[in-house]
Amino acid sequence: MSHEPEVTFHRPGVRRSGAVGAGRSRMFLRAFVIQAFRIPSESMRDTLLVGDFLFVNKFEYGPKIPFTHIRLPGLRARRSVAT
């Protein structure tokens, strides 16, 4: 009675398709839902520190379609920023 290890074979594209799906999900989430930013300078020093991370909810003012100037409708109207 010998106990030989059971050999399993996987299709070669299974892992690759999982990685591709994860990459597509990441790109979709970053383009339309949420994005992370890092504070690069001291310009907002009163409220944020250099190196702090922010997560931006893109649904509030409408996500932008990548590689275009088209914005989808958001939950709030965009405010104009005085310069």
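Here is how the numbers come out for the structure above:
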quantity: Number of positions in the stretch 19-53 that are in contact with a Pro (Cβ under 9 Å, 6 or more places away or on another chain), part of a loop (DSSP other than H, G, I, E, B) and closer than 23 Å to residue 63 by Cα; calculated: 1
quantity: Out of 31, 36, sole residue that is exposed (fewer than 11 other Cβ atoms within 10 Å of the Cβ) and free of Cβ contacts under 8 Å to residues at least 60 places away in the same chain; calculated: 36
quantity: Within the stretch 39-67, considering residues that are surrounded by 11 or more Cβ atoms within 10 Å (Cβ to Cβ) and aromatic (Phe, Trp, Tyr), the one modelled with the highest pLDDT; calculated: 59
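The values are calculated or read from the model by the stated rules, or taken from the named source; none is laboratory data. Quantities reported herein were computed from a predicted structural model and do not represent experimental measurements. No Cβ is skipped: glycine too gets one built from the backbone with ideal geometry, and neighbour counts run over all protein chains shown.
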